[in-house]
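The structure appears below as structure tokens.
The values are calculated or read from the model by the stated rules, or taken from the named source; none is laboratory data. Small disclaimer: the values here were computed from a predicted structure and weren't measured. Note: ideal-geometry Cβ built from the backbone for every residue, glycine included; neighbour counts use all protein chains shown. To get the accessible areas, we keep the full protein, side chains included, count just its heavy atoms, and leave off ligands, DNA and RNA. Shrake-Rupley method; radii C 1.70, N 1.55, O 1.52, S 1.80 Å.
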Amino acid sequence: MILHIDLDCFFVAAARIKDKRLIGKNVAVIGGGLNEDFGETSGDINNSVVLSASYEARKYGVKSAMVLKQAKILCKNLIVVKSDHHFYKELSKKLYKFLYTFTPDIEQFSIDEFFLDLNGTNAMKDPLKFAKFLQNEILNKFELPSSIGISDAKFIAKLATDLAKPFGIKVIKKDELDTTLKNINISKFPGVGKSALKRLNKYGIFTSQDVKES
């Protein structure tokens with residue numbers, strides 16, 4: 001059994017650890033410039049890119065990869081926070097060490113995502129109970145909200161996490177695949193980006209059921 005953990009709005013959650021006043025507010029974490037990650041910076045902060053937006057801000061249409069000046073138009077009272085990648089790495093490293101105490105069979109998929117293979121561990125007795133415990137521990141010890149997906153395969157476990165967000169837990173068993181995945185929007189599937197989604201929609205594929213019928 002595979003358990004997938006995804007930290008909800010990780011950069012925003014990290015900012016809220018450092019400044020509690022940000023909790024419950026419309027927050028956007030930004031880089032230093034339009035192409036900061038590629039070594040280019042801009043003097044105008046409004047040209048910065050949104051790296052992460054709180055769920056409160058997302059309700060206004062603010063999302064990652066959006067230019068800040070556009071985000072400010074959508075959300076007038078948006079609070080802007082500068083990214084702190086050193087802090088993110090430290091948090092991620094501490095969480096990895098904590099997860100390692102339950103199983104050494106961990107794959108860190110990204111700075112805020114982890115796969116845990118529960119086979120051979122005590123957690124296999126009741127994966128859902130373990131997931132609830134783990135979610136609470138991560139919140140209490142690290143102040144990081146997370147969503148968790150559980151399944152027999154990594155791909156489905158990650159999909160289950162996406163369906164559980166925010167701060168949820170979802171289990172998808174083998175015998176539940178046909179019913180659980182029947183009418184899920186194809187954009188929810190891991191690996192389906194904007195270009196792939198556009199192409200699939202062009203051929204009339206909008207849900208998993210369309211794939212099965214095509």
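Determine if region 186-202 includes at least one residue that is touching a strand residue (DSSP E or B) at 6+ places or on another chain (Cβ under 9 Å) and at pLDDT 70 or above. Checking region 186-202: not a single residue is touching a strand residue (DSSP E or B) at 6+ places or on another chain (Cβ under 9 Å) and at pLDDT 70 or above. Pick from 88, 96: which is part of a helix (DSSP H, G or I) and either in contact with a Cys (Cβ under 6 Å, 6 or more places away or on another chain) or surrounded by 17 or more Cβ atoms within 10 Å (Cβ to Cβ) (or both)? After applying the criteria, what remains is 88. Each residue in region 163-183 was checked for being buried (at least 19 other Cβ atoms within 10 Å of the Cβ), part of a helix (DSSP H, G or I) and in contact with a Gly (Cβ under 8 Å, 6 or more places away or on another chain), and 1 of them qualify. I want to confirm something. Restricting to region 48-81 and keeping residues that are polar (S, T, N, Q) and at pLDDT below 95, which single residue is least open to solvent (accessible area, probe 1.4 Å)? That would be 48. Considering only residues in region 72-85 that are of a type outside the set (A, V, I, L, M) and more than 19 Å from the chain's Cα centre (by Cα), the one that is nearest to residue 122 (Cα to Cα) turns out to be 82.
Checking 114, 98 one by one, the residue that is within 19 Å of residue 145 (Cβ to Cβ), within 17 Å of the chain's Cα centre (by Cα) and in contact (Cβ under 8 Å) with a residue 40 or more places away in the chain is 114 and no other. Residue-level analysis places residue 84 outside the set of residues that are within 23 Å of residue 14 (Cβ to Cβ) and touching a strand residue (DSSP E or B) at 6+ places or on another chain (Cβ under 6 Å).
Looking across region 120-160 at every residue that is under 12 Å from residue 5 (Cβ atoms) and among the aromatic types (Phe, Trp, Tyr), the one that is surrounded by the most Cβ atoms within 10 Å (Cβ to Cβ) is identified as 130. Cβ separations smaller than 7 Å between residues 6+ apart or across chains give the following pairs from region 118-145 residues that are in a helix (DSSP H, G or I) to residues that are surrounded by 12 or more Cβ atoms within 10 Å (Cβ to Cβ) and of a type in the set (Phe, Trp, Tyr): 123/102; 123/130; 141/98.
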